[in-house]
Every structure is written in structure tokens, then in C-alpha cells.
Amino acid sequence: MKPAATAVDLRLVPAALAGWLITWLGLTVSPAVSFWLAAAAGAGTVAAFVAPWRGGPALALALGCIAAAAVAVGVRVAARDASPLVGLARDRQDARLRVVVAEDPQPIAGGPGGQRRVALATRVSEARAGERSWRLSGRVLVLAPAAGWGRLLPSQHVTVEGRLLPPLAGDLTVAAISARGPPHDVGPPSLVQRAAERLRAGLRRAAQRLPDGPRGLLPGLVVGDVSRLDPSLEADFRTTGLTHLVAVSGANCAIVAGAVLVLLRAVRIGPRTSAVAAGLALLGFVVLARPSPSVLRAAAMGGLALVALATGRTRAGLPALAATVLGLVLVSPDLARSAGFAMSVVATGALLLVAPVWSAALVARGVPPLAAQALAVPAAAHLATAPLIAAVSGRVSLVAIPANLLAAPAVAPATVLGVLAAVAAPLSGAVAGALAWLAGWPVRWIVGVAEHGAGVPDAALGWPAGARGAVLLALLLYGGALLARSRSARRAALAATLGAALIAVPVRVVAPGWPPPGWLFVACDVGQGDGLVLHAGPGAAVVVDTGPDPALADGCLRRLHVDRIPLLVITHLHADHVGGLSGALRGRRLGAIVTGPLDEPAPAWHDLLGAAASRGVTVGQPSVGRTWQIGAVQLQVLGPEIAYHGTRSDPNNSSLVLRARIGGHTVLLAGDAEIAAQRALLRSGLDLRADVLKVPHHGSAYSDSEFLAAVRARVGVISVGAGNDYGLPARVLLSALDGLGMRVLRTDRDGDVAFCVQQGRLVVVTHTPAGLPR
């Protein structure tokens, strides 16, 4: 019989869950509903407490927590709704706000003309709209150009001018504001934030000696600083379920404090002194990682897990977790709807309840204790959080468990050495560099795990997003866990897995998949943008544009096994054509870069020059008639003669227009050329005929019918993003192409579109990349 001392104490769990649920609901209803619920729960608390039955106190506790949560969230929502900014945002009024930055600026999708933008969580103290002004308090989300805003630190006071916008529903933000221009009246950061930034900058400098991937990963792994993380590596982390490693979590806090505990106990320092020192180390880490709400939450969870595991008192750990959850949602109701908070809670619960059981079972089967814990902890945490991850991402990683198991041993040494490097940086750059170099070895291992794991065929599969997907995966995992208790069920599962493998391998041999044999030209599915690849020989390709997303550009070139780019063409400098540049270049040899005659937008031009300089090449701007012969690809510039000025879109009309001859066929690559540029090409008298037309400007309505007819293409391909906000491709354009008898393929529906020569004929083969939305 199991000793009573080891029984799980669940008394606080219903109360914490009830408080969490009521807070979650309270953010979506009126304050009056929350207050009525609080009154009813309060009355129920009294009745349950005096009721002469055994479950009365437990019910009273749960109802009391419901009442407290309802009051807390009702008061916050009432304060939000009473803000004058709510009405101004509803009417989209212009305003001038004085705000204090609450968290680090976060990059968001590029703005018009390829402008980089950031989002900043702030708290407003003063507001002015027209002739009216207020002193007030509330949360405001600032959407702003990265230039001038991207380097702000938490605690800095700034003035922002712009248009107010309604915020997304479901939190306590009173308004958003789209900033015009740079921040004004910028105040200094606090002493703590200055100290934190000095340490973080020191870590970034120390990591400079590492290769590209580890260089950006080390600061992310240590303090969640992903400002220099390779976007393609970030995508690999998503595919392999390792994204949690670059977010400050309870694991980071537990590693730092645990390292101090182990060191001090090794030199025979008493438990109380060691506990105080570990607490101070945890406090210092919070400063280093910046005391944002997410970091404070992580510190609470990490400290809780550390105490429970260090003392072996997992029985007390669950009540402490429940109390922590309840306290956090009462203090910060927004956490109730935070996916990160839910994952932290679930992972900590798995660490307290599941991991010790699995670890003990492994030890009983002869696995060494340290190895058993190393296996049990990441497996339990990942399986527990998998439904939440699937709900948020709409994907299920099939390699996440082995990837986490392989990466786990490297996380602690990399984190500890990285923290030491950050602390040493202000004192000695050489010492910090040496520590970062040492940390680079476990970081290299993690990078390798992510890259190889992401390269596994079907490493991540699409899954229903939202609550439906979470419940479905949770039921499947729970059913699998029940079946795993049966030896016969385990044998059946193993047999089914082996049978599936025996079937899948021959199928892959017969149908070799992607890329198709004889491919000449591929329009990659890179979202709302162009990413075009011309086969120039084994492992080599001419790349024309890189789309908006580095990860998607890198993913397409990986699927095509391209490791050398003799010529990279950027038709023009809009973000949907050049934003994926770093991904296209990742790990690939580069010969030359050329672009159109217009060096605008200026930020994209400077980024392109920087990328070229880092590879030891220059950026060319070829004239009409320039021709390249690269392997089997002959490429000729057809236009434009000069950069356009004064048209509907000068960058679009200034796109390079190219004709490619490959494998006996012709492809016209029209960039984003609009009517002005298309008519100029017609007037030039050039031969525009082609077998395949890359339809201009993602299928917009700004195309000339005579130009389309002059191409005489049998097939057209439109590079366009699924669910884009621009209404592309335009119906009028599709009707025009249909009238010309042109077969049209679209990357938003067909995925990657390849044109191949098979048995002497030009054929089209499509491929939907795993994990991308359709």
C-alpha cells in the first residue's frame, strides 16, 4: 500500500483552476457580470463554510477564489473601459501620448515600402487629442517604425504621436497607436535597466566570435534576447519543438539557481546559506533578463520547481503551484489568457507530478538516475504542453521529443556559461569571450539538433488550431498513455510503427518526392511575395527574389537541395522580394547580387549593401540587354531602361524584368512591373514571347491586357500569399488570363510550383510544404 505521505495534495487545485477560469472569462464580459458573479460566489462561500458536511470547506475555498478573481478582473476591466482612450481609439482619432516602455520592442511584419516595424507594450500617463488632455493610466500598444523605436529600453519615458486604433479583444490594453515618425522627449532608462542592457550587450559582443547560428542563439538561450537569432534557425526550432529554449522560462531560472545550489553544497555550505545565495542569483538573473511580467512569471515557476525538486517535497509542490497560479492571475489578470503562462503552469505541473514517476520507473529498469531524470523531465514537459503548442501553432512536431532529449544535456552548461560571460563582460572582454567560446560548443550541439531534426521528412504536420486541436491531441496522448500500460498494446504499437515504416520507405523510393526530376524553374511558396529558382546545375541555382520571410526562403532552397547561388537577383527592394535575403544566403555560397535601378526604400537598400559586403561582393544594377550564362540558365535583362519616378508605384515599375532560357524553354520573369513599365516594354519592340509567365505583381489588377497577350504564355504562375490582405490575385486579372487561354497556378493554393522537362515535354508539378497554411 502506498504511504499516505506520498499522496498528491490536490486541495488547492480546484480553487486555483476556478480562479483562473473566472479571470479568463471576466476579460471577455462586462464588469457588471463579474461583480454579480462575485456577489453570488461570496454568498455561496459563506453558505458552504457553515454547511455541516465534509466537503464544505473545500467548496468554500473554491467559491472564495472565484469571488476574489471576479472582483479583481471586474475592477481592471471597468478601469479599462472607463479610459477616454477607448472611445478615441474606436473613432481612430489622432493623439499625442506620454508613455513608459514596459517591455522590449518586438519586431512585427514590415510596413509599407518594406519599412521595418516594431510593437512596444507601454503604459500611458498623459494623453492629448485636439484641445483635450488627460492624466490617466492604462496599457497602450505602440506600433512604430523600427528606426528610432527599436532600441528603446523598458522604463524609458517617451512621447508618441499618431493615430489611435482599437486593441485586440481579450486583454486589458485600452488602445493601440500607430506612431508617426520617431519618439520624442525620450527619457533615460532606470538604473536596473541600464545595468541589464550593459550585461546583455556584453553577452552579444562576447558571442560575436561564434559562427552565425550559435552567435545569435547564445543570447536567446541565456536571456531570451533573440534580436540576432537567424530566422531560419528560429523556424527549425519551431519545427523541432525547441522554441521554448529561446524564451525565458522557469527552466532558465531553475538552472541558474540550481547551479549556485550545487556549487555551494559541494563546498559544504549549509542549506540555509545556499538557499539565500540561490535566491540572490535568481534575483540577479531576473535583472539580467529584464523584469517583465513574463520573466517574473518564469522566476516564480522556476523557483517553485527548484524548491520542490531540491527538497524532494513534490507533495508540497502542487499546492504551492496552485497558490502561485492563483496569486499571479489575481495580480495580473492578463496572464489568464496567455498561452505562455498556460504552458509554464502545465510544464511545471508535469515536472512535479509526471517526471518523478517516469524517472523512478526508468531507474527501476536499470537506467542510471541522472540519465533517467534527463530523459523523463523533457519528455514529460513536452508531452504535457504539446496540446497547447498545437492549439497555438496549428502544427504537431513528430521529432520534438527526440530533439528535446538530445538538446537537454547541452542547455544547462550553455546557460550557465552564458550567464557567466554576461557577468564577466563589463570586467574583462577577454574572459567573457573565452566563456562564450566555451558556451559555443553546447550551443553548436543544439543548433545541429534543430537543423537535422527539421530536415527529417514530415518533421512537423499540420494540425487543427485552437481549442478543438488541443482537446483532440490531449485525448490522443491520454489514450496512448493508457494503452502504453499494456504490454500487448505496446507490442501492437511497435508492430504498427514498423509496418508503416516498411510501407513508407518503398513509397518514397518509387515516388522520390521533391524536387521532381528534370526541374527547370520553381516558384516557391514564400507567402505574400516572390521567391523564384532557376536550376543551374547540381546544387546550384539562380535565385530571383527571396520573399518576405527568411525561414520560408531557406526552406524552399533546402527542399531543392540548393547550396550555391552563382547569381542572386533582387528585382526591386520591397520587403516581399528582399525580406527573406538572410534565409536564402544561409549556409550557401554566393557569386553575385544584382538589383533594379531604383535604390529605394533606403533601409532595404542599406541592408542589401550590408549583406553583399559581408559576402565580399558588390551590388550591381545591370542595364537592359545584359546577359548571363550560368550553367544551363541564360538570363537577359529586358527592362527597365531607367528608374521610374512619378508613377503609381515607382519601386514596382522599376522592377527588373528578365527572360530566362533553360532546357529549351523560355520563362518571362516580370517582377512587380505595373502598367507603365509593361507598356514601355511593348513600345521597346522586344520579343516578349515565353512558354511560362511569372505573372506581374502577384496577380494585381495593374496589368496591361496587350502586354499579357504579347507574352503568349501557355502557363502562368502567380506568387501570392494565402489569405493576403490585398485581395490578390485580382478577379479581373484572372479573367484576363483565362480569356487568353492561359493555365494559371498559384502558390497560395498549389504550394511550390515546379516546371520540369519530362519525356521531352514541359510539365508542371506542385508540392505543398509541410506545416505551411493553405
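The values are calculated or read from the model by the stated rules, or taken from the named source; none is laboratory data. As the structure is a prediction and not an experimental result, all values here were calculated from the model. Using ideal geometry, Cβ is built from the backbone for each residue, glycine included, and neighbour counts are taken over all protein chains shown. Accessible surface is based on the protein model in full, side chains and every heavy atom, while ligands, DNA and RNA are left aside. Shrake-Rupley method; radii C 1.70, N 1.55, O 1.52, S 1.80 Å.
Please calculate the 1.4 Å probe accessible area of residue 65, with all protein chains present, and give it to the nearest 10 Å². Estimated to the nearest 10 Å², residue 65 gives 10 Å². Each part gets one Cα centre, and for region 206-259 versus region 591-667 those centres are 36 Å apart.
For the chain, 65, 253, 756 have no disulfide-compatible partner, since no other Cys C-beta lies under 4.7 Å from theirs.
When only the Cβ of Lys, Arg, Asp and Glu is charged (+1, +1, -1, -1), the dipole of the chain relative to its Cα centre reaches about 2020 debye. Of the beta bridges in the chain, as assigned by DSSP with both residues counted there, near 70 percent are antiparallel.
Overall, the accessible surface of region 16-155 at a probe of 1.4 angstrom is composed of carbon and sulfur to the extent of 63 percent. If a/c stays under 1.5 just call it rounded; otherwise compare a/b with b/c (prolate if a/b is bigger, oblate if not). Do that for region 578-683, with a ≥ b ≥ c from the square roots of the Cα gyration tensor eigenvalues. The shape class here is oblate.
Kindly point out which whole DSSP H helices in the chain project their C-alpha atoms 24 angstrom or further along the helix axis while averaging a Kyte-Doolittle hydropathy of 0.0 or above. Present the calculation step by step, with values, prior to reporting the outcome.
Values: long enough: 31-50 (29 Å, 1.58); 56-82 (38 Å, 1.47); 271-289 (26 Å, 1.64); 293-311 (27 Å, 1.47); 314-331 (25 Å, 1.69); 339-364 (35 Å, 1.91); 369-393 (34 Å, 1.40); 400-424 (34 Å, 1.80); 429-454 (35 Å, 0.92); 466-484 (27 Å, 1.71); 487-510 (35 Å, 1.07).
Span-like helices here: 31-50, 56-82, 271-289, 293-311, 314-331, 339-364, 369-393, 400-424, 429-454, 466-484, 487-510.
Close amide H partners of residue 639, meaning residues 5 or more places away or on another chain with modelled amide H under 5 Å apart, are 657. Ligands, DNA and RNA excluded, the heavy atoms of residue 134 present near 70 Å² of accessible surface to a 1.4 Å solvent probe. Taking Cβ atoms as reference points and 11 Å as the exclusive limit, the residues near residue 154 contribute a net charge of 0, counting Lys and Arg as +1 and Asp and Glu as -1. Per-residue accessible area (protein heavy atoms, 1.4 Å probe) orders 746, 626 as 626, 746, starting from the largest. Over the chain, dividing the summed -39,500 (n - 2.57) contributions of all DSSP H runs of at least 4 residues by the number of residues returns a 222 nm mean residue ellipticity of -16500 deg cm²/dmol. Measuring with a 1.4 angstrom probe and ignoring ligands and nucleic acids, residue 226 comes out at about 60 Å² accessible.
Sequentially through region 713-723, phi angles give Karplus couplings (6.51, -1.76, 1.60; θ = phi - 60°) of 6, 7, 9, x, 10, 10, 8, 8, x, 5, x Hz, Gly and Pro residues having no value and appearing as x. Under 5 Å from the amide H of residue 136 lie the amide H atoms of 126, 127, each residue being 5 or more positions distant or on a separate chain, with H modelled from the backbone and absent for Pro and chain starts.
Tell me the per residue accessible area of the chain using a 1.4 Å probe; a whole number in Å² is fine. Numbers along the way, then the final one.
Numbers: 35710 Å² over 774 residues.
Dividing the accessible area of the chain by its residue count gives 46 Å².
Mind ranking 674-682, 15-23 by how tightly packed they are, going by the mean number of other C-beta atoms within 10 angstrom, highest first?
On the way: 674-682: 20.6, 15-23: 22.9.
Going by the mean number of other Cβ atoms within 10 Å, highest first, we get 15-23, 674-682.
Around the amide H of residue 620, modelled in the peptide plane, lie the amide H atoms of 593, 594, 595, all under 5 Å away and 5 or more residues distant in sequence or on another chain. Averaging Cα coordinates gives a centre for region 150-188 and one for region 406-445; these two points are 35 Å apart.
Show me the ranking of peptides 406-415, 257-266 by mean Cβ neighbours inside 10 Å, starting with the highest. List each step's numbers first, then the result.
On the way: 406-415: 20.9, 257-266: 17.8.
Result, highest mean first: 406-415, 257-266.
Converting phi to 3J(HN,Hα) with the Karplus coefficients 6.51, -1.76 and 1.60 and the offset θ = phi - 60°, region 118-129 yields 9, 10, 10, 7, 9, 10, 8, 10, 9, 9, 9, 9 Hz in sequence order, with x at every glycine or proline.
Cβ under 15 Å from residue 597's Cβ, residue 597 left aside: what net charge do those residues give with Lys, Arg +1 and Asp, Glu -1?
Combined, the nearby Lys, Arg, Asp and Glu give -4.
With θ taken as phi - 60° and the Karplus curve 6.51 cos²θ - 1.76 cosθ + 1.60 applied, the whole-hertz 3J(HN,Hα) list for region 132-145 is 9, 9, 9, 9, 7, 9, x, 8, 10, 9, 9, 10, 8, x Hz, x standing for glycine and proline.
Please report the relative contact order for the chain, taking Cα pairs under 8 Å with a sequence separation of at least 6, and give it as a percent rounded to a whole number. Before the final figure, lay out each step's value.
Values: 1535 pairs, mean separation 69.7, N = 774.
Answer for the chain is 9 percent.
Protection proxy ranking of 56-64, 655-663, by the mean of other Cβ atoms within 10 Å over each peptide's residues and highest first, is 655-663, 56-64.
Carbon-plus-sulfur fraction of the accessible area of region 699-766, 1.4 Å probe, in percent?
Working: 1450 of 3360 Å².
Exposed carbon and sulfur together represent 43 percent of the surface.
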